[in-house]
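Structure first, then comments.
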Amino acid sequence: MHDRRIYNIVTSKSDPNHPDKKYWSQHGILMMGIDDSGEQRITIKINSLPIGEFSGWFSVYPKEEKNNRANSDEYDNNVPF
């Protein structure tokens, strides 16, 4: 797929001790894009399924870019020993 967008497939679970707080678990990815023939394609990769109470609904959010600090010029690599 050319020019693809990647999204996380997640579920949420409320904390029983803090009802206002949610925990998110990633269960796969969704990819959207145009294939070699020019057709729009949506591909889903499920890595796991939730256990316990599960409503059957997943949420999809844009995948966040990971910040690679090791290659960043804004950090000083000289560590004093």
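The values are calculated or read from the model by the stated rules, or taken from the named source; none is laboratory data. Please read these numbers as outputs of a predicted model, since none were measured by experiment. Here the Cβ is made from the backbone with ideal geometry for all residues, glycine too, and neighbour counts use every protein chain on show.
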- Task: Looking only at region 32-63, count how many residues are under 14 Å from the mean Cα position of the chain (by Cα) and more than 22 Å from D3 (Cα to Cα).
- Result: 4
- Message: So, in region 1-37, how many residues would count as being hydroxyl-bearing (S, T, Y) and touching a Ser or Thr at 6+ places or on another chain (Cβ under 8 Å)?
- Response: 4
- Query: Taking K22, is it at pLDDT below 90 and within 27 Å of R4 (Cβ to Cβ)?
  - Reply: no
- Query: For the subset of region 37-48 comprising residues that are assigned to a loop (DSSP other than H, G, I, E, B) and surrounded by fewer than 10 Cβ atoms within 10 Å (Cβ to Cβ), which member is modelled with the highest pLDDT?
  - Reply: N47
- Message: With the structure loaded, tell me whether I29 is surrounded by 10 or more Cβ atoms within 10 Å (Cβ to Cβ), over 20 Å from the mean Cα position of the chain (by Cα) and among the aliphatic types (A, V, I, L, M) or whether it fails that test.
- Response: no
- Task: Would you check if there is a residue in region 60-79 being outside any strand (DSSP E or B), closer than 19 Å to I9 by Cα and modelled with pLDDT of 95 or more?
- Result: no
- Within region 1-20, the residues that are of a type outside the set (A, V, I, L, M, F, W, C) and either surrounded by 10 or more Cβ atoms within 10 Å (Cβ to Cβ) or closer than 15 Å to F58 by Cβ (or both) are R4, R5, Y7, N8, T11, S12, K13, S14, D15
